[in-house]
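> Below is a structure I'd like to ask you about.
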Amino acid sequence: MRAYELMVIHRPDTPETDVRAALEAIQGSLQAQGAEVKETEFWGKRRFAYEIEHLTEGFYSVMEFGAEPTAIPTLDRGLSLSDQVLRHKIVNLSDRPNVSQSPVTNVSKASEPDAETSESAELVDSTETSESAELVDSTESGESTWLSESTETESKE
C-alpha cells in the first residue's frame, strides 16, 4: 500500500453541501477499493491565481490516503469525468523524502569542517600571504580559480 495525496477543486457554483457529499463519495469509492483514508481537509472557497474555464474561484479539498497503485486509475477517471470537478491532482507521497526533517538538522555537524572545506581554507590561508593573488569566479563552470597578478597584467597587454 502506498501513500497518496489528492487535491480537488470543485466548481464554485456547486453548493457546499454537494461538495462535501462528493468528498464523502470519493472516500467511499476509495474504501470500496481497499484504500485507507487518513485525513480529509475541506479548505472552502478560494480565489484562483488565474482563471480556469473562465472562473476565478473554487472549492478546494485535500485528502491523504493509502491505496494500492491499481486503485489510482479508477479514481483519476472518475474525477476526470465529473462535471463538478474543475481540476484534480494525485501525488504519490511514497516517493518523496521525509519532509519532517529539516535540511539543517544538526548544527554541530554543519560547523565541523569537512575535507573539502579544510582544503579550501588552507588554499585561502596560503594565498592571503601573497598580495598578488585574487579570487576570480568562473560563471560557466561554477568553479573558482586563482589568478596571480602577473597573469592579469599579461592579459591586459
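Just so it is clear, none of the values below were taken in a lab; they were calculated from the coordinates. Note that the structure is a prediction, hence the values are computed from the model and not measured. Don't worry about glycine lacking a Cβ; one is built from the backbone with ideal geometry, like all the others, and counts go over all protein chains shown.
> Counting Lys +1, Arg +1, Asp -1, Glu -1, what net charge surrounds R2 among other residues with beta carbon under 15 Å of its beta carbon? Walk me through the numbers on the way to the answer.
Working: positive: K38, R96; negative: E5, E36, E64, E68, D76, D95.
Neighbourhood net charge equals -4.
> In vacuum, with every alpha carbon of region 12-55 counted as one equal point scatterer, what does the Debye formula give for log10 I(q)/I(0) at q = 0.28, 0.29, 0.31 Å⁻¹? Two decimals, please.
The computed values of log10 I(q)/I(0) come out as -1.02, -1.04, -1.10.
> Oh, and also: I need the P(r) histogram for region 36-81: all alpha carbon pairs, bin width 5 Å from 0 out to the longest distance, whole percents.
Pair shares across the bins are 5, 16, 17, 22, 19, 12, 8, 0.
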